[in-house]
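J.: Before we start, here is the structure in question, set down as structure tokens.
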Amino acid sequence: MRISWWTGVLILLFSCSGSPEFVSVDYAVMGTSARVIVPREKRPLADSAYREMLRVDSLMSIWKPESELSRLNARGSMRVDSLTLACIRIAILVSSITDGAFDPTVGPLIHAWGFDSDSPHMPDPESIERAKGLVGWERIRIIGDSVVLGKGQSLDLGGVAKGLALDIASAKLQRMGCSDFLVEIGGDMVCCGQKGVEPWLIGIRDPADPGGIMGTMRIRERSLAICTSGDYERFVEIGGMRYSHIMDPRRGEPAEGVLSVTVLSERGAAFTDAITTGLFVLGPQKGLELADSLGIEAMFVYRDGDTIATATTKGFQEVIK
């Protein structure tokens, strides 16, 4: 058995901070790295954006016992902050859109497979069935500003909260008069405007070759969320088989076949973050159909027999050079 915890991201930034008119400020949040790139004269605004990221982390981290989400999971029901409520609503929406391919109650399955520990492993069938019995986004109820979970359920908003942090950080920058910026957390990002007179240049790393680049996106004069899900982030090899940490909640097993999905969307980073995971689980055929129906752009990198193949929505090709 071989375990990998490589946390390299698919999305790379090319010379975004190389212009003397812009400054890149690095931070840490949500257990990963973060970055805010703004015009040099607006440098103090980067710290304000970072404080918004910290606010989301303090509310929705499952690793902090004092967080609001941890308290909700412990109690089963309670009133929550408007930001937490918004995040849960987006999670439910994407769960519905993907027919459960994305599900914020998938935590028991992740635990059964050990992906929340340093020793992932293949669970016995009984453990999988017990965990599946606790999974089901349909049992989450929202009553006013309160959230009620199904019996024994817990929420993990990790597939949405990072995107929400990007959204509120971006909104903060815009309210403070900054229209050209890039905010990034763990490889997911929001680009707004452009880098001076140049577009934002963003490379897509090849998941089969960490040193390789599959293409370059040029983002100019628009606000766009870019999110990626990849099986390279965390996986375990058992008996020569590679199992991703991204769970298919419907089967109770890791999603198979897809190496990565990158999504471009103007619908906000929280929605984009969650839908990217759902598309990863759905796979290229159903995933591309759903992406087209939603008006978002997506690129799948997947295994086709012994080869690595790619499939994209038509509009995705327009930003790849």
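J.: Does Leu201 qualify as being more than 28 Å from Phe115 (Cβ to Cβ), open to solvent by less than 10 Å² (accessible area, probe 1.4 Å), outside any loop (DSSP other than H, G, I, E, B) and of a type outside the set (Asp, Glu)?
T.: No.
J.: Within the stretch 169-187, can you find the residues that are at pLDDT 95 or above and within 27 Å of Pro207 (Cβ to Cβ)?
T.: Ala169, Ser170, Leu182, Val183, Glu184, Ile185
J.: Filter the stretch 239-290 for residues that are outside any helix (DSSP H, G or I) and among the hydroxyl-bearing types (Ser, Thr, Tyr); which is most open to solvent (accessible area, probe 1.4 Å)?
T.: Restricting attention to the stretch 239-290, the residues satisfying the condition of being outside any helix (DSSP H, G or I) are 239-268, 283.
Those left that are additionally among the hydroxyl-bearing types (Ser, Thr, Tyr): 243-244, 260, 262, 265.
On the way: Tyr243: 38, Ser244: 5, Ser260: 2, Thr262: 1, Ser265: 4 Å².
Result: Tyr243.
J.: Here are the criteria: (1) of a type outside the set (Ser, Thr, Tyr); (2) in contact with an Asp or Glu (Cβ under 6 Å, 6 or more places away or on another chain); (3) open to solvent by 40 Å² or more (accessible area, probe 1.4 Å). Tell me which single one Asp145 does not satisfy.
T.: (2)
J.: So is Thr307 surrounded by fewer than 19 Cβ atoms within 10 Å (Cβ to Cβ) and either more than 12 Å from Gly257 (Cβ to Cβ) or at pLDDT 95 or above (or both) or not?
T.: Spelling it out, Thr307 is indeed surrounded by fewer than 19 Cβ atoms within 10 Å (Cβ to Cβ) and either more than 12 Å from Gly257 (Cβ to Cβ) or at pLDDT 95 or above (or both).
J.: Right, here's the next one. Of all residues in the stretch 71-103 being in contact with a strand residue (DSSP E or B) (Cβ under 9 Å, 6 or more places away or on another chain) and among the polar types (S, T, N, Q), which is surrounded by the fewest Cβ atoms within 10 Å (Cβ to Cβ)?
T.: Only one residue fits best here, namely Ser77.
J.: State the number of residues belonging to the stretch 118-142 that are open to solvent by 40 Å² or more (accessible area, probe 1.4 Å) and within 22 Å of the chain's Cα centre (by Cα).
T.: 3
J.: Still on this structure, I have one more. Since Pro108 meets every condition but one in (1) assigned to a loop (DSSP other than H, G, I, E, B); (2) surrounded by 15 or more Cβ atoms within 10 Å (Cβ to Cβ), which condition does it not meet?
T.: (1)
J.: Any idea which residue in the stretch 38-70 is most open to solvent (accessible area, probe 1.4 Å), counting only those that are among the charged types (D, E, K, R) and outside any helix (DSSP H, G or I)?
T.: Glu66
J.: Residues Glu318, Glu253: which one is touching a Leu at 6+ places or on another chain (Cβ under 9 Å), among the charged types (D, E, K, R) and either farther than 25 Å from Asp156 by Cα or at pLDDT below 95 (or both)?
T.: Being touching a Leu at 6+ places or on another chain (Cβ under 9 Å), among the charged types (D, E, K, R) and either farther than 25 Å from Asp156 by Cα or at pLDDT below 95 (or both) holds for just one of Glu318, Glu253, which is Glu253.
J.: Note down all Cβ pairs under 8 Å where the first residue falls in the stretch 74-95 and is within 29 Å of Leu279 (Cα to Cα) and assigned to a helix (DSSP H, G or I), the second is of a type in the set (Gly, Ala, Ser) and modelled with pLDDT under 95, and they're at least six residues apart or on different chains.
T.: That search, which allows pairs on different chains as well, returns Ala91/Gly159.
J.: Sticking with this one: Of all the residues that make up the stretch 120-177, how many are within 30 Å of Arg222 (Cα to Cα) and of a type outside the set (A, V, I, L, M)?
T.: Summing the residues that are within 30 Å of Arg222 (Cα to Cα) and of a type outside the set (A, V, I, L, M) in the stretch 120-177 gives 10.
J.: Consider only pairs whose beta carbons are under 9 Å apart and that are at least six residues apart or on different chains; among these, list those whose first residue lies in the stretch 153-181 and is under 18 Å from Ser67 (Cα atoms) and whose second residue is of a type in the set (Lys, Arg) and outside any loop (DSSP other than H, G, I, E, B).
T.: What qualifies is Gln153/Arg139; Ala165/Arg55.
The values are calculated or read from the model by the stated rules, or taken from the named source; none is laboratory data. Worth saying up front: this structure is predicted, and the values here are computed from it rather than measured. Reconstructed Cβ throughout: ideal geometry from the backbone, glycine too, with neighbour counts over all protein chains shown. Just so you know, the surface numbers come from the protein's heavy atoms only, side chains and all, with ligands and any DNA or RNA stripped out. Shrake-Rupley method; radii C 1.70, N 1.55, O 1.52, S 1.80 Å.
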